[in-house]
Amino acid sequence: MEPLGNLSLLTIGWIDGRMSDAVWVEGRPERMSCSALVPVPLIHVTPPVIAVVGGGQLARMMAPAAAELGVHLRVLVESPGTSAAQVVTDAPVGAASEEATIRALIAPPGGQDAADVLTFEHEHVPNALLTDLIEHGTPVRPGPHALVAAQDKIVMRTRLGELGVPCPRWRALPSTVDGGRAALTEFLAEVGGEAVVKLARGGYDGKGVRVVSGADEADDWLVAASEGGPPVLVEEKAPFRRELSALVARRPSGEVRTWPVVESIQRDGVCAEVVAPAPDLSDDVAAQAREIAVAVAEGLDVTGVLAVELFEVPSDQSDPGGPTTVLVNELAMRPHNSGHWTIDGSVTSQFEQHLRAVLDLPLGSTDPVAPWTVMVNVLGSTREELTDALPELLERFDTARVNLYGKGIRPGRKLGHVNVSGTDLDEVRAAARAAAALLMGDDDGGRAYSTGARAESAVPVAGPAETKENAR
């Protein structure tokens, strides 16, 4: 064999879309094939670059999957100390609302490689800019024509209705105060005197949502809408038994994969616990939920991961204990809290699948790795440092998988989560809750599991979820 030049480093590169490993053979670097070691010149080939808008925990959890795939992440973060900035080396600081910042994220000055695709960990990006990026050759996934349905609840309800997807009854309220108040009064009479009023844009984790029984209870939102603020809509208060979530991934070439339907348990509008798969869910309802998720992904042309949040409601409201069906509550066109269980409980996590999808790579198996996985969020803590709980937690719960987000502690804030998988749901749920309780500073709750006690039905939370920013 002839030497391959004066190369001195182990090199891993992308060649024709495939990973190529360079190895040392008799003191010389050569590329390894499946059948034999074949010497080839090692040419620097740039790996795919995925630009991500948003520097929170969702972008942070994309990083391990990107590293395993050999994909380069470039993440736009709000400040140098954000969750994602702590683990992603290419993390420019800027605001998602600034056009120049987004353009620099895709094509950085100074000779860095341009991004191959732009994606998101939140939906708050100007659609006009995204449309212009597409027109000038940058793939945006999901595209602005789809993303608007996750940004604006009135657009979402309108499009879902056009697709024939089951939703609660709803109405967009007029933008004048008197017109909005009159329409809300009429709607309340139609649905039995109580309804859910929502801001069309900007709501998150229970914020921008209000249950009302009189039109005057929404006056402040109606006044704001009349002065150019977010439009307002009203929905019937669905008589749901529980909340479900159907997660789906779709790539541009059309391949679709769904995960098992899960149960999502909320506290104060914030996801506190997820059980995968949803216990005692009939095969028919599970199939319906997954079919709805696929129909929405295909109908709206979503690429990447889509979470469809659902209400499980009686098929016949006169028979509350009878068969059930589902109604769509919300959409999220990105990895979602209800899918964090997939990191440890599924063959392919939602984060790896999202990266595969936006690069139009073949999607991975979504099969569960155990009969049950329970995820419990760490919502606030009374500890000064979450890591102070790790010695005891890891000693007592050796099957618990802990994921901390590197965020400052505030009451009710999402600081991390715990996944536990196993064969016995009661054991798995109790262990996940107890481990999360230790992280939140509830030592008694954490120790109850090891003494044989079962966790209470309520999910532990350290302090109230005071604001949208706290929860994030």
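Each value in this text was obtained by applying a stated rule to the coordinates, not by laboratory testing. As the structure is a prediction and not an experimental result, all values here were calculated from the model. Heads up, the Cβs are rebuilt from the backbone with ideal geometry, glycines too, and the neighbour counts pull from every protein chain shown.
Placing unit charges on each Cβ (+1 for Lys and Arg, -1 for Asp and Glu) gives the range 279-395 a dipole about its Cα centre, and among Gln350, Ser381, Gly322 the Cα reaching farthest toward its positive end belongs to Gln350. Of the GluC sites (Glu not before Pro) in the range 367-413, the ones in a loop by DSSP (not H, G, I, E or B) with at most 16 other beta carbons within 10 Å are Glu384, Glu385.
I need the shape label for the range 169-236. Rule: rounded when a/c is under 1.5, else prolate if a/b > b/c, else oblate, with a, b, c from the alpha carbon gyration tensor.
Working: a/c = 1.81, a/b = 1.17, b/c = 1.55.
Note, shape of the range 169-236 comes out oblate.
What's the ranking of 51-57, 179-185 by average number of surrounding C-beta atoms within 10 Å, highest first? Show your work: numbers first, answer last.
Numbers: 51-57: 25.1, 179-185: 18.1.
Descending mean neighbour count gives 51-57, 179-185.
Evaluate the distance, in nm, between pseudo-label points positioned 7 Å from the Cα of Asn127 and of Arg241 along their respective Cα→Cβ axes. Spacing of the two 7 Å Cα→Cβ label points: 3.6 nm.
With a/c under 1.5 counting as rounded, go ahead and sort the range 358-443 into rounded, prolate or oblate using the C-alpha gyration tensor (a ≥ b ≥ c being the square roots of the eigenvalues; past the cut-off, prolate if a/b is larger than b/c, else oblate).
Judged from the Cα gyration tensor, the range 358-443 comes out oblate (a/c at least 1.5, b/c at or above a/b).
Please say if the range 242-471 is rounded, prolate or oblate, where rounded means a/c under 1.5 for a ≥ b ≥ c the square roots of the C-alpha gyration tensor eigenvalues, and otherwise the choice is prolate for a/b larger than b/c and oblate otherwise? Cα axes put the range 242-471 in the prolate bin. Once the C-beta distance of Asp360 and Thr325 is scaled by a Förster radius of 35 Å, the resulting FRET efficiency is 0.55 to the nearest 0.05. Ordered by the number of other Cβ atoms lying within 10 Å of each residue's own Cβ, fewest first, Thr373, Thr348, Thr46 fall into the sequence Thr46, Thr348, Thr373. With contacts taken as Cα pairs under 8 Å at a separation of at least 6 residues, the range 49-140 carries a relative contact order of 31 percent.
Any idea what diffusion coefficient the range 49-140 gets from Stokes-Einstein, in µm²/s, Kirkwood Rh on alpha carbon pairs, 20 °C, 1.002 mPa s?
Numbers: Rh = 13.0 Å.
The calculation lands on 165 µm²/s.
Within the shell defined by Cβ-Cβ distances under 14 Å, the residues around Ile106 carry a net charge of -4, with Lys and Arg each +1 and Asp and Glu each -1.
Ranked by Cβ crowding within 10 angstrom, fewest neighbours first, how are Phe240, Phe397 ordered? Write out the running numbers ahead of the final one.
On the way: Phe240 17, Phe397 21.
Listing Phe240, Phe397 from fewest to most nearby Cβ atoms yields Phe240, Phe397.
Straight Cα distances below 19 angstrom link Lys207 to the lysines Lys153, Lys198, Lys237, Lys414, Lys468, with same-chain residues fewer than 8 positions distant left out. Across the range 242-471, the mean sequence separation of Cα contacts (distance under 8 Å, 6 or more residues apart), normalised by length, yields a relative contact order of 19 percent.
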